[in-house]
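For reference, the structure is listed below as structure tokens.
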Amino acid sequence: MQQDSATMPTAPGGASTGHGLDWPALFATRAERMKASEIRELLKLLDQPDVISFAGGIPDPALFPADAFGAALTSALSGDSKGAALQYSVSEGYKPLRDWLVTRMASLGVECSADNIMITSGSQQALDYLGKLFLSPRDTALVGWPTYLGALQAFNAYEPSYDRLTPLGNRSAADYRETAQGKGGPGGGKVKFAYASADFANPTGETLQASARENILDLATELDIAVIEDAAYQSLRYDGDEVPPLLALDIERNGGIDNTRTIYCGSFSKTLAPGLRVGWVCAAKPVISKLVLMKQAADLHSATLNQMAIHQVASDGFEAQVARIKATYMARRDAMLAALARHMPEGVTWTRPDGGMFVWVTLPEHFDGAALLAESIRIERVAFVPGKAFFADGSGANTIRLSFSCASEAMIEEGIMRLGRVVRGG
């Protein structure tokens, strides 16, 4: 039965109760900066069997150590351990896993203790916590141009400004400081941190060499800011020499981890399994102490059962698992680089990553990656990620990101050949 709006009941003050609540009017201002991820939307294409997807930067599920996890979960839920596996735990994380990570970090040149490590629900949670910890509205975060979209999404909620981090540029600390103050309005804003993915970055696949890392630390020291090191892909090196993490270089400069300004964010998602959502932060104790308080307020602790399973699988065969996935991904990277050389027209350039999961393609200036994607899916059934989403200022329309992690070498050849046809038609 329909009611005339004139006879519908009203709330005190005369507001109608016959319509849905105006939710946007109640949201905090930060909600306006929360946007849907283009990548998350594109992942839906993976369910369409006729689409060759270079979009999702995700591990190949065929490479997950499923049997090892099955055994680890059975063990965790057996005997005396099952109570701990299913019970509340400490916010810092499962102590045996943190102890394993102390050894792992030492192998990277980072001497630390378990008190310098907190377990997070993936490194994405760490980025959200760090944005919350450091950023007040109008403060400035220094990021790459382009940079990881998930970092921008995590930081955006805290209403910052962004400035371009150029490790090999010649901008002075004073210029960064003055720019931040100009963006901050009355009273000015402050530069709070530099964010960098130093190894095989998402989206470009590029690696910062030691000189660039030292420059970031120099700039951070002059500005007296933190450095957030996103090391999600650090284990996936296929070529070239290892470069010490920013945190290791920082320790060399300052004599110990508790004297450093670098915050290392690690993850098991790209090496063991993303679905368990286990990452970690390694940093000076004052930073970890604050993050633990945030963890207590947010979700109390990451799932203990998942941490126990990760610990057993990592302890029993982390290096063997990494070697296995590296061999597969390296072959796929090589296949993609070779296919791009065969099928892309003149005027198209791309990065040649030493590791990771991504190749970054720059098209001629007149191209728009989003329009190209629509055309590519419609005509050739090939998906990728338009590059514009990775730029804090919305530039980079003529760039695209290709991931080779989930496509076979035959699929890569076919998909790049099709994509080349679309580009030539543009």
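The values are calculated or read from the model by the stated rules, or taken from the named source; none is laboratory data. Keep in mind that this is a model prediction, so the values were computed, not measured. No Cβ is skipped: glycine too gets one built from the backbone with ideal geometry, and neighbour counts run over all protein chains shown. Ligands, DNA and RNA are excluded from the accessible area calculation, which covers all protein heavy atoms including side chains. Shrake-Rupley method; radii C 1.70, N 1.55, O 1.52, S 1.80 Å.
Let a ≥ b ≥ c be the square roots of the eigenvalues of the Cα gyration tensor of the range 264-402; is it rounded (a/c under 1.5), or, if not, prolate (a/b larger than b/c) or oblate?
prolate
Which residue, 144, 93, 256, tops the fluctuation ranking in a GNM of the chain built on C-alpha contacts under 10 Å?
Most flexible of the set in this elastic network: 256.
Per the helix-only calculation at 222 nm, which mean residue ellipticity applies to the chain, given -39500 (n - 2.57) for every DSSP H run of n ≥ 4 and division by its residues, nearest 500 deg cm²/dmol?
-13000 deg cm²/dmol
Who wins for biggest fluctuation among 248, 371, 62 in a Gaussian network model of the chain, springs between alpha carbons below 10 Å?
Of the options given, 62 has the highest mean-square fluctuation.
Checking the a/c ratio against 1.5 first, then a/b against b/c, what shape does the Cα gyration tensor give for the range 36-184?
oblate
With a point put 7 Å past each Cα toward its Cβ, work out how far residue 378 is from residue 259 in nm, to one decimal.
Placing both labels 7 Å along Cα→Cβ, they lie 6.2 nm apart.
Please name which of 79, 136, 211 has its Cα lying farthest along the dipole of the chain towards the positive end, using unit charges on Cβ (Lys, Arg +1; Asp, Glu -1) and the Cα centre as origin.
Toward the positive end, the furthest listed residue is 136.
Taking H placed 1.01 Å from N in the peptide plane, check which residues at least 5 places from residue 228 or on another chain put their amide H under 5 Å from its amide H.
For residue 228, whose amide H was placed from the backbone, the distant partners under 5 Å are 194, 195, 196, 263.
Using alpha carbon centroids, what distance separates the range 221-239 and the range 243-291, in Å?
The two parts, judged by their Cα centres, are 9 Å apart.
Rounded, prolate or oblate for the range 104-203? Axes are the square roots of the Cα gyration tensor eigenvalues, ordered a ≥ b ≥ c, and the cut-off for rounded is a/c under 1.5. Don't skip to the answer; put the middle values down first.
Values: a/c = 1.89, a/b = 1.54, b/c = 1.22.
The shape class here is prolate.
Of 27, 268, 193, which is the most mobile in a GNM of the chain whose springs link Cα atoms less than 10 angstrom apart?
Highest fluctuation of the listed residues: 27.
What is the percent carbon and sulfur in the accessible area of the chain, measuring with a 1.4 Å probe over the protein chains and ignoring ligands? Walk me through the numbers on the way to the answer.
Values: 10060 of 18970 Å².
After summing per-atom areas, the C and S share lands at 53 percent.
Provide the net charge surrounding residue 248, with neighbours chosen by a C-beta distance below 13 Å and charges set as Lys +1, Arg +1, Asp -1, Glu -1. Let's see the in-between values first.
Details: positive: 104, 213, 253; negative: 111, 199, 214, 229, 242, 250, 252.
So the environment of residue 248 carries a net charge of -4.
Which value, in Å², gives the accessible area per residue of the chain when a 1.4 Å probe is used on the protein heavy atoms?
Details: 18970 Å² over 426 residues.
Heavy-atom accessible area per residue stands at 45 Å².
What's the lysine pair count for the chain at a Cα cut-off below 19 Å, pairs eight or more apart or interchain?
Lysine pairs meeting both conditions in the chain amount to 17.
Give me the Debye-computed log₁₀ of I(q)/I(0) at q = 0.14, 0.17 Å⁻¹ for the range 205-349, equal point scatterers on Cα only, no solvent, two decimals.
Log10 of I(q)/I(0), two decimals: -0.89, -1.13.
Once you place label points 7 Å from the Cα toward the Cβ at residue 210 and residue 298, how far apart are they in nm?
Result: 3.4 nm between the two label points.
List the residues whose amide H sits under 5 Å from the amide H of residue 53, counting only those 5 or more places along or on another chain, with H placed 1.01 Å from N in the peptide plane.
For residue 53, the qualifying residues are 383.
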